[in-house]
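Inspection log for the structure reproduced underneath, given as structure tokens.
We did not get these values from a lab; they are worked out from the coordinates using the rules stated. On a predicted model such as this, the values are computed, not experimentally measured, just so you know. Virtual Cβ from ideal backbone geometry, glycine too; neighbours counted across all protein chains shown.
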Amino acid sequence: MMRAVMTAPSHRIFDRRLVALRRARAAANFPAHAFLVERVADEIADRLGTVNRDFPLALDLGSHRGMLRDVALPPGKIGMLVETDLAPAMLQGRESLRVAADEEALPFRAASFSLVVSALALHWTNDLPGALVQLRRTLAPDGLMIAALFGGETLFELRTALSEAEIECEGGLSPRISPMADVRDMGSLLQRAGFALPVMDVDRVKVTYADMIGLMRELRAMGETNALIERRRAPLRRTTLIRAAEIYQDRFGLPNGRIPATFEILFATGWAPHDSQQKPLKPGSATARLEEALKNMDKP
Amino acid sequence: MTNEATDHNGTTKSTARVPEVDRKLLEILVCPLTKTTLRYDSAAQELISDKARLAYPIRDGIPIMLPDEARELADGE
């Protein structure tokens with residue numbers, strides 16, 4: 001049932017219901033296909049390990065089956081952890097504090113958390129800048145966010161093979177794989193969302209599969225198949241799929257007959273602003289004259 | 001996804017069978033649409049947003065803070 005109170009922005013790209021449905025279907029068997037989330041969870045835990053402070057109340061946004069808590073979080077650093085997922089099925093049977101929540105409409109009071117982490121959940125949001133602003137608002141001053149999301153290079157091989165096959169066999173093109181954030185854009189998004197000391201970095205993971213169908217099967221098991229609103233109603237034709245698999249093999253195939261699939265993972269780190277943080281000096285506040293400094297440079 | 005735990009008439013379920021929602025969690029939850037404070041109805045197992053006129057269900061101790069899954073409040077509720 002559609003609700004009158006829900007606003008539908010005109011730039012919606014993802015069908016959030018479909019995203020939720022795919023995640024719900026993937027929930028039961030997710031741990032068998034969680035290698036990417038587990039890898040990202042380990043990475044986030046490593047980063048937290050280097051931050052010398054405790055976090056009394058933390059949020060794991062889009063927690064899947066709770067990999068971050070189970071696999072990775074450094075013991076003792078985190079007091080209470082709240083886990084959210086868009087699909088309630090992902091949260092079933094867990095012991096932690098759980099909330100079914102939409103990354104696009106967060107149900108948390110401002111300044112609640114001292115830490116927000118997110119492992120591969122934000123790439124499905126229609127309004128990433130808006131989601132980041134909401135996340136920053138849920139952080140207490142000097143709170144830390146570490147969010148990992150898929151970047152634009154992700155699955156470029158699959159994208160290439162599907163587009164070429166579709167043009168060749170069907171004379172047209174439809175969006176098959178979601179648009180993803182670019183590492184340069186993410187840095188400025190963090191800043192615009194009001195995060196202090198933003199840092200971006202990238203992890204590239206190459207995974208191999210027997211063939212393209214194997215890759216697509218795993219994407220479905222991860223709940224990560226295309227949820228573009230503009231997706232074509234009809235599924236890909238069988239001939240197109242077969243041609244795409246050939247193109248994938250020809251163009252990217254490895255000597256051992258397998259195919260590679262690239263996942264680009266962006267790690268976005270930022271802090272909720274606080275007076276204790278380092279900042280650039282105000283213009284005009286310098287105590288040494290530039291002229292003096294330049295004069296000193298001339299000396300051998 | 002199943003809903004077997006939701007039972008709005010309240011006559012058959014004993015309170016012991018309803019998993020309690022954590023107090024700390026209730027303190028930080030707000031309506032996702034209006035960001036306003038919620039009322040906790042422990043008998044109905046709902047979190048009520050008077051501003052959005054929606055009641056968010058709690059299933060198996062998990063608050064379902066999704067507007068699509070919420071119940072619209074009746075007049076005078």
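Here are a few things to note about the model shown:
- Amide H within-cut-off set for A:GLY143, under 5 Å, with H built and near neighbours excluded: A:ALA272
- With contacts taken as Cα pairs under 8 Å at a separation of at least 6 residues, chain A carries a relative contact order of 21 percent.
- The sum of -39500 (n - 2.57) across all DSSP H runs of n ≥ 4, divided by the residue count of the protein assembly as shown, sets its helix-only mean residue ellipticity at 222 nm to -8500 deg cm²/dmol.
- Top of A:SER276, A:SER96, A:SER112 by mean-square fluctuation, Gaussian network on chain A, Cα under 10 Å: A:SER276
- Sequence-distant residues sharing a close amide H with A:ALA111 (under 5 Å, placed H): A:THR138, A:LEU139
- Globularity ratio of the stretch A:2-159, using Cα Rg and 2.2 N^0.38 Å: 1.03
- Total lysine pairs under 28 Å (Cα atoms) in the protein assembly as shown, excluding pairs fewer than 8 apart on one chain: 8
- Net charge dipole size for the stretch A:130-172 [Lys, Arg +1 and Asp, Glu -1 on Cβ; Debye, nearest 20]: 540 debye
- Per-selection Rg to Rh, the stretch B:19-72 - Cα, Kirkwood hydrodynamic radius: 0.91
- Phi-based couplings in Hz for the stretch A:194-207 (Karplus 6.51, -1.76, 1.60; Gly and Pro marked x): x, 7, 8, 6, x, 9, 10, 8, 10, 10, 10, 10, 10, 10
- Put a plus charge on the Cβ of each Lys and Arg, a minus charge on the Cβ of each Asp and Glu, and nothing anywhere else: the dipole of the stretch B:19-72 about its Cα centre is then about 220 debye.
- Relative intensity, log₁₀ I(q)/I(0), of the stretch A:99-215 from a Debye sum that treats every alpha carbon as a point, q = 0.12, 0.13, 0.18, 0.20 Å⁻¹: -0.56, -0.63, -0.97, -1.11
- The equivalent ellipsoid of the protein assembly as shown has semi-axes of 35, 34, 20 Å, largest first, where each one is the square root of 5 times an eigenvalue of the Cα gyration tensor.
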